Amino acid sequence: MAKKPARPNTDSTTGPGGETHQQVPHDADHGDAGAHLTTNQGIRVADNQNSLKAGARGPTLLEDFVLREKIFHFDHERIPERIVHARGSGAHGVFECTRAIPELTMAAPLQEVGKQTPVFARFSTVAGGAGSVDTPRDVRGFAVKFYTEAGIWDLVGNNIPVFFIQDAIKFPDLVHAVKMEADKGYPQAASAHDTFWDFVGLMPETMHMIMWAMSDRAIPRSLRTIEGFGVNTYRLVNAQGQAKFVKFHWKPVLGLQSTTWDEAVKIAGADPDYHRRDLYEAIETGNFPAWDFGVQVVDEEWAAAQDFDILDATKLIPEELVPVEIVGRMTLNRNPDNFFAETEQVAFCPANVVPGIDFSHDPLLQGRLFSYLDTQLKRLGSTNFHQLPINAPKCPVMNFQRDGHMQMGVPKGRANYEPNSLNEAGEPGGPRECPATGFSSFPAIERPEAAREDIAKVRLRPELFADHYSQARLFYASQTPIEQAHIASALVFELSKCVLEHVRTRVLSRLRNIDDSLAQRVADGLAMPLPEAAPAARAPVEMAPSPALSILAHGQPSLQGRLIGILFDEGSDKAAIDKLKGELEAGGAAVLLVAPKVGEHALKGGKLKAHGQLAGMPSVLFDAVASIIMPDPAAKLAMDAAAKQWFMDAFSHCKTIGACPATRKLLAGLGIEPDEGVVEIAQFAAVAPARHWDREPKVRMLA
Ligand code: HDE
């Protein structure tokens with residue numbers, strides 16, 4: 001008989017033949033005091049290192065319920081990832097009303113100034129799988145769950161205010177086209193391939209969104225620096241039952257910021273979790289990201305007088321025409337305790353609205369109202385997904401729905417139907433409908449006087465939906481020259497990855513309807529002839545440029561929320577480093593110290609540890625960099641590839657470089673000619689937030 005070990009994890013035991021067997025050495029004493037490991041049935045586990053075997057070298061026994069339960073649970077740990085928006089990061093927070101609008105809506109969070117509503121927000125990329133990188137060129141999802149006292153309100157939006165398609169029936173085609181190609185299984189998280197651009201070329205309604213997707217909006221610096229939009233038109237309904245159309249907006253308090261394409265590509269290698277980490281760390285260090293919440297409200301008469309259809313999700317309402325009225329602020333102040341339980345299992349649905357919010361007839365929205373509930377059943381596997389803590393309303397939920405997979409509630413009594421009169425016999429009778437305060441749909445036939453044919457069943461789109469170019473032109477014309485160059489370069493890059501020449505040609509023919517000079521630049525960048533313009537289904541109308549659509553026209557943001565890298569090495573001046581770090585932190589930036597080695601270095605004036613090693617913390621991770629080094633280490637760094645790349649990238653990404661005299665020499669050796677963005681250490685904190693776009697055409701061939 002094997003001798004029973006005194007403790008389950010002693011180092012050796014004796015086999016039937018008296019031979020000694022080693023057990024896995026491990027630390028049994030470092031758990032939480034009084035916390036006993038159990039199975040999911042609550043049975044205490046004596047040994048979590050060894051499965052139950054017939055002898056130390058014998059077969060494992062089927063009766064080992066501890067092993068079987070553990071492996072069974074593990075085998076089922078993954079749930080289907082979201083078909084779109086699989087890669088996401090979330091956080092808890094609070095929404096505070098800053099301007100009450102009861103005259104417009106009954107929505108509970110907007111009834112009084114100062115009113116706070118808990119929220120959970122999830123940001124995502126669209127095309128890539130759950131394990132894909134954070135910085136591809138892609139749209140970002142911006143979904144917010146409001147836990148109001150009137151029930152859950154989900155505002156499931158994107159960081160781009162328009163969409164690729166007008167009708168939900170095209171969504172599976174769009175998503176199939178953009179995701180990895182069906183036969184090859186690549187490219188992952190990239191729109192730069194034949195099938196996507198084939199679809200785009202054949203569907204001119206995509207052209208407005210394409211302008212956004214090729215702009216720097218699609219390569220954001222941080223999730224904290226993206227705007228959010230409800231995209232679809234909704235309705236606000238007041239207590240008198242009067243309704244207006246509304247577009248929802250989120251405006252980042254830190255301002256809009258993006259990376260360059262080259263940076264985004266390099267970040268993907270240096271830190272695939274760049275955005276997730278940035279969001280998590282900002283919240284962990286108390287730098288809570290915040291967004292102002294705004295509404296653009298118009299009535300039916302205004303909408304009817306426009307050149308575009310308010311029900312068309314490929315159109316926006318220019319802010320210069322209808323200002324965005326700020327009515328609240330969302331602050332994200334708590335990271336999830338558990339990624340799976342919260343960020344993965346959170347289930348958004350645009351159909352979740354509270355009294356005061358209602359839908360428009362936007363055919364994309366109408367399709368979404370069906371899709372999300374359907375997808376949750378597939379992903380979460382039970383109709384009771386609403387009972388998961390992250391999805392559960394924070395107000396009473398009472399109805400006669402019962403049972404189903406994984407029912408977590410224990411309803412009492414036999415009143416599981418309505419009407420019932422059980423309370424006449426003294427038994428609980430359950431809840432009843434509430435005509436006065438319950439959700440009642442806005443009786444929304446847009447034109448009640450419409451002729452019978454107008455409300456016949458048809459598969460048609462409204463006339464103005466055929467205008468595919470006016471707002472694509474508006475967007476392009478509203479960009480600064482460097483932003484236009486980025487759009488042209490992005491188009492060249494993406495189309496250069498298409499193998500099918502006719503696909504490129506067709507897209508070029510569409511671009512001609514947006515801006516001939518843009519089409520010419522892209523054709524030149526591809527070394528292709530410019531084709532005839534594609535016929536336009538409807539002639540575009542001229543619209544006044546909208547500066548609100550440009551990122552750079554908003555001006556340069558401050559040091560707030562920035563991440564700055566300071567490079568040092570043996571012998572550097574510690575006092576200078578401390579001073580600079582202090583200045584930057586006082587301005588609201590976070591600072592990481594980078595050195596050739598990560599451990600402790602002997603500096604002039606003391607010792608200092610780096611946060612990261614040079615090759616592991618490339619300059620693409622920072623908004624700006626400074627370097628305080630002595631001549632000898634600088635000479636050594638001058639021959640190191642990682643160090644050279646550190647400076648070359650910072651320069652070519654148009655970042656501010658704070659350079660001490662030895663660093664200047666190093667830069668000269670790299671052929672970097674200092675411009676107004678290469679500054680003395682003393683000036684660095686003041687200039688660090690700026691990108692020096694004038695530099696870009698000197699360091700990169702833009703289309
Ligand atoms: Fe979605 N979308 N979508 N979408 N969407 C999903 O729901 C769908 C659309 C958006 O962080 C899915 O739970 C259809 C527009 C976000 O969990 C799915 C159509 C906008 C998220 C779905 C659209 C969005 C989703 C996949 C065309 C911007 C992530 C997993 C009619 C307003 C939410 C899930 C999160 C997720 C369907 C178009 C935003 C399959 C059918 C337009 C931010 O239900």
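The values are calculated or read from the model by the stated rules, or taken from the named source; none is laboratory data. Note that this is a predicted model, so its numbers are computed, not measured. FYI the Cβ positions are ideal-geometry reconstructions off the backbone, even for glycines, and counts take in every protein chain you see. Heads up: the accessible areas ignore ligands, DNA and RNA and are worked out on the full protein's heavy atoms, side chains in. Shrake-Rupley method; radii C 1.70, N 1.55, O 1.52, S 1.80 Å.
HIS486 satisfies every condition listed in (1) open to solvent by less than 60 Å² (accessible area, probe 1.4 Å); (2) out of contact with any helix residue (DSSP H, G or I) (no Cβ under 9 Å at 6 or more places or on another chain); (3) modelled with pLDDT of 95 or more except (2). Within region 615-633, the residues that satisfy the criterion of being surrounded by fewer than 23 Cβ atoms within 10 Å (Cβ to Cβ) and touching a Pro at 6+ places or on another chain (Cβ under 9 Å) are ALA615, PRO631, PRO633. Determine whether GLU227 is within 15 Å of the ligand (Cβ to nearest atom), farther than 24 Å from LEU621 by Cα and buried (at least 22 other Cβ atoms within 10 Å of the Cβ). Considered against the rule, which asks whether it is within 15 Å of the ligand (Cβ to nearest atom), farther than 24 Å from LEU621 by Cα and buried (at least 22 other Cβ atoms within 10 Å of the Cβ), GLU227 comes out as no.
Within region 178-217, the set of residues being surrounded by fewer than 23 Cβ atoms within 10 Å (Cβ to Cβ), small (Gly, Ala, Ser) and either more than 30 Å from ALA282 (Cα to Cα) or touching a helix residue (DSSP H, G or I) at 6+ places or on another chain (Cβ under 7 Å) (or both) comprises ALA182, GLY185, ALA192. Within region 109-119, the set of residues being in a strand (DSSP E or B) and open to solvent by 30 Å² or more (accessible area, probe 1.4 Å) comprises GLN116, PRO118. Conditions: (1) touching a residue at least 60 places away in the same chain (Cβ under 8 Å); (2) within 14 Å of the ligand (Cβ to nearest atom). VAL126 meets all but one. Number of the miss? The number of the failed condition is (1).
VAL162 passes all but one of (1) out of contact with any Lys or Arg (no Cβ under 7 Å at 6 or more places or on another chain); (2) at negative phi; (3) assigned to a loop (DSSP other than H, G, I, E, B); which number fails? All conditions pass for VAL162, except number (1).
When you scan region 320-332, do you find a residue that is in contact with a Gly (Cβ under 8 Å, 6 or more places away or on another chain) and either modelled with pLDDT under 95 or of a type in the set (Ser, Thr, Tyr) (or both), even just one?
From region 320-332, those in contact with a Gly (Cβ under 8 Å, 6 or more places away or on another chain) are 324-327, 330-332; that's our starting set.
Narrowing the set further to residues that are either modelled with pLDDT under 95 or of a type in the set (Ser, Thr, Tyr) (or both) leaves 331.
The answer is yes; a qualifying residue exists.
Among the residues that make up region 381-401, is at least one of them within 13 Å of the ligand (Cβ to nearest atom), in a loop (DSSP other than H, G, I, E, B), among the β-branched types (Val, Ile, Thr) and under 30 Å from ASP312 (Cβ atoms)? No, that holds for no residue.
Looking at ALA553, ALA589, ALA626, ALA641, which one is of a type in the set (A, V, I, L, M, F, W, C), on the phi < 0 side of the Ramachandran plot and free of Cβ contacts under 8 Å to residues at least 12 places away in the same chain? Unique residue meeting the criteria: ALA641. Of these, VAL522, VAL499, VAL503, which one is of a type outside the set (D, E, K, R), open to solvent by 80 Å² or more (accessible area, probe 1.4 Å), within 35 Å of the chain's Cα centre (by Cα) and farther than 30 Å from ASP358 by Cα? The match here is VAL499. The combined condition, being aliphatic (A, V, I, L, M), open to solvent by less than 20 Å² (accessible area, probe 1.4 Å) and out of contact with any helix residue (DSSP H, G or I) (no Cβ under 6 Å at 6 or more places or on another chain), is fulfilled by ALA264. Figure legend. Inter-residue proximity from region 680-703: first residues charged (D, E, K, R), second residues open to solvent by less than 40 Å² (accessible area, probe 1.4 Å), beta-carbon distance below 7 Å, spacing 6+ or different chains. Indicated pairs: ARG691/CYS654; ARG691/LYS655; ARG695/CYS654; ARG695/ASP675; ARG695/GLY677; GLU696/ILE482; GLU696/CYS654; ARG700/SER652. Taken over region 120-159, the criterion of being assigned to a loop (DSSP other than H, G, I, E, B) and more than 18 Å from PRO220 (Cβ to Cβ) is satisfied by GLY129, ALA130, GLY131, GLU149, ALA150.
Looking at region 601-618, is at least one residue in a helix (DSSP H, G or I), more than 30 Å from ILE160 (Cα to Cα) and free of Cβ contacts under 8 Å to residues at least 60 places away in the same chain?
Of the residues in region 601-618, the ones in a helix (DSSP H, G or I) are none.
No, the conditions are met nowhere in region 601-618.
Taking the condition within 35 Å of the chain's Cα centre (by Cα), of a type outside the set (D, E, K, R), under 30 Å from PHE196 (Cβ atoms) and open to solvent by 40 Å² or more (accessible area, probe 1.4 Å), does PRO389 pass?
On the way: within 35 Å of the chain's Cα centre (by Cα): yes; of a type outside the set (D, E, K, R): yes; under 30 Å from PHE196 (Cβ atoms): no; open to solvent by 40 Å² or more (accessible area, probe 1.4 Å): yes.
The answer is no for PRO389.
For the residues GLU418, GLU342, GLU424, the requirement of being at pLDDT 95 or above and within 16 Å of the ligand (Cβ to nearest atom) singles out GLU342.
Any residue at all in region 119-126 that's of a type in the set (Phe, Trp, Tyr) and within 18 Å of the chain's Cα centre (by Cα)? Even if it seems obvious, please write down each step before you answer.
So the first thing to find is which residues in region 119-126 are of a type in the set (Phe, Trp, Tyr), and the list is 120, 123.
Cutting the leftovers down to within 18 Å of the chain's Cα centre (by Cα) gives us 120, 123.
The answer is yes; a qualifying residue exists.
If GLN556 passes every condition in (1) open to solvent by 60 Å² or more (accessible area, probe 1.4 Å); (2) modelled with pLDDT of 95 or more; (3) of a type outside the set (D, E, K, R) but one, which one does it miss? Status for GLN556: all satisfied but (2).
Taking the stated definitions as given, is GLU325 surrounded by fewer than 16 Cβ atoms within 10 Å (Cβ to Cβ), within 30 Å of ALA539 (Cα to Cα) and more than 12 Å from the ligand (Cβ to nearest atom)? Before the answer, list the steps.
Numbers: surrounded by fewer than 16 Cβ atoms within 10 Å (Cβ to Cβ): yes; within 30 Å of ALA539 (Cα to Cα): no; more than 12 Å from the ligand (Cβ to nearest atom): yes.
So GLU325 does not fit the description; no.
Across region 208-223, what is the total count of residues that are part of a helix (DSSP H, G or I) and either within 16 Å of the ligand (Cβ to nearest atom) or within 11 Å of ASN159 (Cα to Cα) (or both)? Steps first, please.
As a first pass, look at region 208-223 and keep what is part of a helix (DSSP H, G or I): 208-213, 216-218, 223.
Remaining after also requiring either within 16 Å of the ligand (Cβ to nearest atom) or within 11 Å of ASN159 (Cα to Cα) (or both): 208-210, 212-213, 217-218, 223.
Total satisfying the criteria: 8.
From the set of residues in region 165-183 that are assigned to a helix (DSSP H, G or I), free of Cβ contacts under 8 Å to residues at least 24 places away in the same chain and away from the ligand (no atom under 11 Å from the Cβ), which is farthest from ASN391 (Cα to Cα)?
If we filter region 165-183 for residues that are assigned to a helix (DSSP H, G or I), which is where we start, we get 168-178.
Keeping just the survivors that are free of Cβ contacts under 8 Å to residues at least 24 places away in the same chain gives 172, 176-177.
The next check asks that each one be away from the ligand (no atom under 11 Å from the Cβ); those that pass are 176-177.
Numbers: HIS176: 29, ALA177: 31 Å.
So, considering only residues that are assigned to a helix (DSSP H, G or I), free of Cβ contacts under 8 Å to residues at least 24 places away in the same chain and away from the ligand (no atom under 11 Å from the Cβ), the one farthest from ASN391 (Cα to Cα) is ALA177.
The number of residues in region 357-380 that are more than 10 Å from the ligand (Cβ to nearest atom) and either of a type in the set (Asp, Glu) or out of contact with any helix residue (DSSP H, G or I) (no Cβ under 7 Å at 6 or more places or on another chain) (or both) comes to 4.
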